[in-house]
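The block underneath contains the structure these notes are about, expressed in structure tokens.
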Amino acid sequence: MHPILRDRRWLTLHIVVWLVAGQMIGLLVRLLVDASWLAAMLFGVPLGVLGGLAASSAWYLTRSTPSTWTDRVRPIATFLLAAIVFGAIWAFAGQLWWQLIERFGLADLPAAQHPGLIAALQGIGVLGYLLAVSAYRLVQAFEETAAATSRALQSEVAQRDAELRALRAQLDPHFLFNSLNSISGLTSTNPEKAREMCQLLADFLRQGLHLGHSSRISLKREIELTEQYLRIEQVRFGSRLGVSVHVDAASADALVPPLLLQPLVENAVRHGVATLIEGGTIGLETRRVGDRIVVTVSNPRDADVQRRGTGFGLDIVRRRLAATFGDAAALTIEPLAGAFRAQVTVPVEEA
Amino acid sequence: MDEQVRVLRAVIVDDEEPARMAVRQGLLDVGNVEIVGECANGFEAVKVVTDVHPDVVLLDVQMPKLDGFEVLELLGREVPVVFVTAYDEFALRAFEVHAVDYLLKPFSPERLAAALDRVRQRTEQASPAPAVLAAAARPPGATLDRVVVRDGAQVHVLPVDKIDYVEAQDDYVAFHAAGKTILKDQTLGDLEGRLDGRRFVRIHRSYLLNIERLARVELYAKDSRVAILGDGTKLPVSRSGYQRLQQLL
């Protein structure tokens with residue numbers, strides 16, 4: 001929005017500048033021509049306000065050129081040309097105004113205009129316009145800096161938030177309680193399996209605690225972690241939960257935030273395989289496409305269930321992607337009647 | 001062991017095998033229980049309970065196709081239910097639907113024994129009607145997205161978007177869906193409260209209409225209208241029903 005339209009303070013500032021400019025013109029007239037103070041000001045002040053109002057349009061010109069100039073010549077040439085055209089039109093308007101005042105006898109001005117005055121008006125117009133451009137450019141730069149700072153802060157907050165949520169998601173109490181319950185059930189009938197489950201759970205939790213300190217891990221490591229989680233769930237669900245993993249070697253070293261995929265596989269279990277009496281297989285696939293890595297998590301699900309999850313898990317993944325990769329990463333979902341597919345695309349960042 | 005303690009015949013329902021093992025082992029530890037059935041889903045549970053008439057059902061909440069609350073809605077009148085779940089947020093609802101007790105996974109043998117004692121005390125009491133259970137079986141504010149109906153050992157699961165309209169018939173409601181009719185022991189008023197009010201409109205004292213099936217409303221006589229559905233079915237619309245319909249449209 002144009003600064004004039006923002007609030008009263010900006011408007012007042014503009015008007016003050018215009019009036020001061022008008023008085024300076026009046027002063028100039030008084031110095032060059034034999035005219036009364038009243039006549040000089042009657043000529044100068046309206047002309048100054050008109051010029052100021054017209055020069056405020058420079059805002060739109062500065063807005064239309066990016067503040068981070070890659071091409072320096074073109075914007076400067078544009079501004080200069082605009083300033084010269086502005087100066088000429090304004091000086092012409094000044095001549096008209098002079099004639100109007102003189103012809104209708106509004107004030108006591110000499111019939112002949114001082115030739116130097118017109119040249120001075122042209123110069124003032126050009127300089128005034130360039131001044132307006134610079135002032136607006138300054139305002140624009142301040143605003144961009146403020147916006148960038150706020151964006152950086154927001155992204156940092158989102159990152160922290162995501163880390164916290166990821167950690168909490170990993171320690172989903174229901175996952176823990178269900179795992180402990182499985183162990184409790186296995187102790188008497190299948191103690192070996194119970195011990196194995198304790199081992200799996202301890203490994204998974206220990207890794208999660210260590211990873212809390214790193215901001216990036218290799219995709220290979222992330223997939224291993226995910227597989228570990230699924231092995232624990234496989235003890236719970238038995239033959240109902242199948243897992244199929246395919247990691248493309250070209251994508252193995254790409255870097256991702258730790259536990260990025262966790263909410264996706266959790267959903268695949270809870271809202272997918274767990275909703276089917278016969279169960280199903282969760283697919284985990286990574287591949288490299290050009291300078292991007294695509295990770296796909298797919299699962300079958302009950303086609304009749306209408307109410308699904310809250311989208312909380314997907315939201316976490318989206319926020320973490322945005323905080324880590326900005327616009328370069330994406331999460332796309334494909335909700336089909338009897339299946340679900342989530343696809344994470346990240347730019348390649350190798351260690 | 002006290003000779004007076006009655007042996008309870010129990011059925012275990014959980015879709016996870018280790019979880020069934022945990023309950024089985026718990027019951028064996030507590031004693032005075034005979035395990036007469038183990039089921040991996042709600043359909044099996046309804047069938048087994050119908051066949052063996054147990055004294056108690058130990059029921060998981062989160063299961064595929066038919067969750068624990070739906071199983072209780074179908075069986076509640078016949079058998080005391082003890083919920084066994086990892087989710088403590090279901091506890092309040094569990095007591096609202098008159099579950100005898102609520103065990104959190106993993107549970108101790110003492111806690112299980114206490115639950116079974118409650119079952120022994122509770123057996124003499126009369127259970128509330130299924131309609132009451134059905135009404136309470138969902139958290140307030142949440143609407144049903146499927147209706148479960150039991151026909152002996154058979155269970156019908158009817159997604160609400162498949163329902164054309166519901167008709168009151170004495171103490172029953174008749175669900176009309178794609179030309180078929182399914183009866184359920186419930187009142188239309190109870191049902192109306194559980195369905196999404198933006199989708200199902202009470203167009204008449206005896207009719208609840210899925211608004212997506214409505215083709216048009218015609219004036220039949222003075223102050224009397226009929227709703228014509230997409231398949232040509234005609235249903236009476238009362239004056240207040242017409243007002244509700246207009247509000248929604």
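FYI, it's all coordinate maths here, none of it is from the lab. Note that the structure is a prediction, hence the values are computed from the model and not measured. Cβ placement follows ideal geometry from the backbone for every residue including glycine, while neighbour counts extend to all protein chains displayed.
Of the trypsin sites (Lys or Arg not before Pro) found in the stretch B:172-231, those in coil by DSSP whose Cβ has at most 10 other Cβ atoms within 10 Å are B:198, B:222.
Along its three principal directions, the equivalent ellipsoid of the stretch B:144-205 from the Cα gyration tensor extends over semi-axes of 17, 13, 11 Å, largest first.
Rounded if a/c is under 1.5, else prolate if a/b beats b/c, else oblate: with a ≥ b ≥ c from the C-alpha gyration tensor eigenvalues square-rooted, which is the stretch B:8-134? Cα axes put the stretch B:8-134 in the rounded bin. A simple rule links phi to the HN-Hα coupling: the Karplus curve 6.51 cos²θ - 1.76 cosθ + 1.60 with θ = phi - 60°, which for the stretch B:150-159 gives 9, 10, x, 8, 8, 10, 9, 10, 10, x Hz, with x for Gly and Pro.
Kirkwood Rh over alpha-carbon pairs of chain B, then Stokes-Einstein at 4 °C and 1.567 mPa s: what D in µm² s⁻¹, rounded to an integer? It diffuses with D of about 66 µm²/s by this estimate.
Dipole of the stretch A:30-126 computed with +1 at Lys/Arg Cβ and -1 at Asp/Glu Cβ about the Cα centre; of A:83, A:107, A:59, farthest Cα towards the positive end is A:59. The ratio of the alpha-carbon radius of gyration of the stretch B:190-249 to the globular-protein estimate 2.2 N^0.38 Å is 1.04. Only bridges with both residues in the protein assembly as shown count here: give the DSSP antiparallel percent, nearest 5. Bridges in the protein assembly as shown are about 70 percent antiparallel. Among B:179, B:106, B:26, whose Cα lies farthest out toward the positive end of the dipole of chain B, if unit charges sit on the beta carbon of Lys, Arg (+1) and Asp, Glu (-1)? Result: B:179, furthest along the dipole toward the positive end. Annotation: the residues B:172, A:136, A:129, sorted from fewest to most other C-beta atoms within 10 Å of their own C-beta, follow the order B:172, A:136, A:129.
The antiparallel fraction among DSSP beta bridges confined to the stretch A:171-347 stands at about 75%. Given axes a ≥ b ≥ c from the Cα gyration tensor, I'd like to know whether the protein assembly as shown is rounded (a/c under 1.5), prolate (a/b larger than b/c) or oblate. It is prolate, given that a/c is not under 1.5 and a/b is the larger ratio. The overall shape of the stretch A:181-305, judged from the alpha-carbon gyration tensor, is oblate: a/c is not under 1.5, and a/b is no greater than b/c. Spherically averaged projected area of the convex hull of Cα atoms, chain A: 26.5 nm².
DSSP beta bridges fully contained in chain B are about 65 percent antiparallel. Its Cα gyration tensor gives the stretch A:32-158 an equivalent ellipsoid; the semi-axes, largest first and in whole Å, are 41, 16, 9.
Peptide B:8-17 has a mean of 3 when you count, residue by residue, the C-beta atoms of other protein chains within 10 Å of its C-beta. Amide H contacts for residue B:84 (H built 1.01 Å from N in the peptide plane; partners 5 or more residues away or on another chain; cut-off under 5 Å): B:59, B:60, B:61, B:103. Within 10 Å of the Cβ of each residue in A:275-285, the mean number of Cβ atoms contributed by other protein chains is 2. Here B:234, B:47 are placed in order of increasing Cβ neighbour count within 10 Å, fewest first, which gives B:234, B:47. Extension gain for the segment residue B:198 to residue B:156, taken as residue separation times 0.36 nm less the Cα-Cα distance, is 12.7 nm to one decimal.
Quarter the surface of the alpha carbon convex hull of the stretch B:143-248 and you get the mean projected area, 6.5 square nanometres. Here the dipole of the protein assembly as shown is about 2100 debye; that uses its Cα centre as origin and unit charges on the Cβ of Lys and Arg (positive) and Asp and Glu (negative).
Summary of packing: across the peptides B:21-30, A:245-254, the per-residue average of other C-beta atoms within 10 Å ranks them, highest first, as B:21-30, A:245-254. Taking every alpha-carbon pair in the stretch A:247-301 and binning the separations at 10 Å intervals from zero gives 23, 44, 26, 7, 0 percent.
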